[in-house]
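**Q** Sharing a structure with you now.
The values are calculated or read from the model by the stated rules, or taken from the named source; none is laboratory data. Source: prediction; values computed, not measured. Reconstructed Cβ throughout: ideal geometry from the backbone, glycine too, with neighbour counts over all protein chains shown. These accessible areas exclude ligands, DNA and RNA; they are computed on the full protein's heavy atoms, side chains included. Shrake-Rupley method; radii C 1.70, N 1.55, O 1.52, S 1.80 Å.
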Amino acid sequence: MGRKIFVSYKYADKLVKPLNNVWGVTTVRDYVDLLQELIGETDNINKGENDGEDMSSLADSTIASKLGDKIFDSSVTIVFISKGMKEIYKAEKDQWIPWEISYSLREQSRNYGRSKTNAILAVVLPDENGSYDYYITENPCARTLHTNFLFDILSSNMFNQIEPDKYRCPSCGGIHYRGESSYIYSVKWDDFYSKQSFNHYLDRALRIKENINQYNIKKNINKYV
């Protein structure tokens with residue numbers, strides 16, 4: 001049975017690993033195209049930002065009309081984490097990805113029904129050097145996510161389990177987490193990109209959603225960052 005998926009991404013970000021099958025400069029949009037091929041026709045995919053429309057002059061109601069219907073009937077949002085996903089000199093409220101995540105987390109009403117909060121999966125793309133270190137650092141006994149790099153609404157919904165299962169690692173002495181400590185789970189593209197892995201990680205995100213009451217969910221963007 002197909003699942004309806006919304007994909008949030010910075011379409012023009014060029015700070016990604018070049019793809020062999022792409023002529024010219026590889027952008028995040030090229031990875032979205034690979035995702036579309038992977039999903040095939042059994043799943044319905046709806047893409048987010050694709051034209052670089054300036055948001056700075058748009059009213060909240062206009063943003064709502066542009067995003068609400070696209071996200072309303074989806075059950076999963078995949079957000080591509082890429083090195084250049086944030087425009088650092090532009091407020092987060094004037095960029096599409098925070099709004100797309102916000103509407104994915106909200107419940108919306110229509111005459112024909114009400115939507116629930118989406119499951120959200122963060123798929124991390126390798127940078128122009130093929131590295132994930134800008135966001136994920138692998139350690140011998142755990143991995144570190146550099147969530148301060150992300151938009152606020154993304155980082156706020158990671159490590160947000162109300163009662164996380166923590167333990168002190170006997171090897172490094174650090175505090176680690178067991179289980180699903182984040183509502184938004186992060187996976188590397190290289191671990192995600194196969195039909196079997198794709199289904200595995202989507203199912204994982206959906207299982208987390210089933211336990212949404214275990215998490216402090218932030219649904220609105222911070223308009224002061």
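**Q** For the chain, treating each Cα as an identical point scatterer without solvent, what Debye log10 I(q)/I(0) comes out at q = 0.14 1/Å?
**A** Log-scaled intensity ratios, in q order: -0.91.
**Q** Next question. Based on the alpha carbons, how large is the Rg to Rh ratio for segment 127-197 when Rh follows Kirkwood? Before the final figure, lay out each step's value.
**A** Details: Rg = 13.6 Å, Rh = 13.8 Å.
Rg/Rh for segment 127-197 comes to 0.98.
**Q** Let me ask something else about it. May I ask you to evaluate 6.51 cos²θ - 1.76 cosθ + 1.60, the Karplus curve with θ = phi - 60°, for each residue of segment 118-134 and list the ³J(HN,Hα) values in order in whole Hz, giving x for glycine and proline?
**A** 6, 5, 10, 10, 9, 9, 8, 8, x, 7, 4, 9, x, 9, 9, 5, 5
**Q** Follow-up. Cut-off 10 angstrom, C-alpha nodes, Gaussian network model of the chain. Which of Ser197, Ser155, Ser171 fluctuates the most?
**A** Most flexible of the set in this elastic network: Ser171.
**Q** Averaging the inverse of every distinct alpha carbon separation and then flipping it gives the Kirkwood radius. What is it for segment 65-184, in angstrom units? Present the calculation step by step, with values, prior to reporting the outcome.
**A** Values: mean 1/r = 0.0613 Å⁻¹.
After inverting the pairwise mean of 1/r, the radius is 16.3 Å.
**Q** If a/c stays under 1.5 just call it rounded; otherwise compare a/b with b/c (prolate if a/b is bigger, oblate if not). Do that for segment 66-129, with a ≥ b ≥ c from the square roots of the Cα gyration tensor eigenvalues. Could the numbers behind the result be given before it?
**A** Values: a/c = 3.60, a/b = 1.80, b/c = 2.00.
Note, shape of segment 66-129 comes out oblate.
**Q** Can you pull the percent of segment 91-225's accessible area that's carbon plus sulfur, 1.4 Å probe, other chains left in place? Numbers along the way, then the final one.
**A** Numbers: 2960 of 6820 Å².
About 43 percent, which is the carbon plus sulfur part of the accessible surface.
**Q** Can you give me the distance in nm between label points at Asp69 and Glu107, each placed 7 Å from the Cα along the Cα-to-Cβ direction?
**A** Simple spin-label model gives 2.4 nm for this pair.
**Q** Is there a pair in Lys17/Lys223; Lys47/Lys116; Lys90/Lys209; Lys10/Lys70 whose C-alpha atoms are over 28 Å apart, and which pairs would that be?
**A** Numbers: Lys17/Lys223 32 Å; Lys47/Lys116 19 Å; Lys90/Lys209 31 Å; Lys10/Lys70 17 Å.
With Cα atoms farther than 28 Å apart: Lys17/Lys223; Lys90/Lys209.
**Q** Now for a separate question. Taking the solvent-accessible surface of protein heavy atoms with a 1.4 Å probe, what is the per residue accessible area of the chain in Å²? Could the numbers behind the result be given before it?
**A** Numbers: 11460 Å² over 225 residues.
For the chain, the solvent-accessible area averages 51 Å² per residue.
**Q** Let me ask you something else. Expressed in nm to one decimal, what extension gain is obtained for the pair Asp191 and Lys219 from 0.36 nm per residue of sequence separation less their Cα-Cα distance? It would help to have the intermediate numbers written out before the result.
**A** Working: separation 28, 0.36 × 28 = 10.08 nm, distance 2.80 nm.
Length gained, Asp191 through Lys219: 7.3 nm.
**Q** If I build a Gaussian network model for the chain, linking alpha-carbon pairs within less than 10 angstrom, which residue out of Ile97, Ile120, Ile88 has the largest mean-square fluctuation?
**A** Ile88
**Q** Can you work out the FRET efficiency for the pair Asn21 and Arg168, with r the C-beta to C-beta distance and R0 = 45 Å, to the nearest 0.05? Before the final figure, lay out the partial values.
**A** Working: r = 46 Å, r/R0 = 1.02.
It comes out at approximately 0.45.
**Q** Right, next: Stokes-Einstein diffusion coefficient for segment 161-225 at 4 °C in a medium of 1.567 mPa s, Rh from the Kirkwood formula over Cα pairs: what value in µm²/s?
**A** Values: Rh = 14.2 Å.
Value of D from the Cα-based Kirkwood radius: 91 µm²/s.
**Q** Skipping prolines and chain starts, which residues have an amide H placed within reach, meaning under 5 Å, of the one on Asn46, given they are 5 or more residues away or on another chain?
**A** Ile5, Phe6, Val7
**Q** Just to verify a number: FRET efficiency for Lys14 and Phe149, C-beta to C-beta distance, R0 = 25 Å, to 0.05? All intermediate terms of the calculation are to be shown ahead of the outcome.
**A** Working: r = 17 Å, r/R0 = 0.69.
E(calc), rounded to 0.05, equals 0.90.
**Q** Let me ask another. When the chain is modelled as a GNM with alpha-carbon springs shorter than 10 Å, which of Asn20, Asn213, Asn44 fluctuates the most?
**A** Asn20
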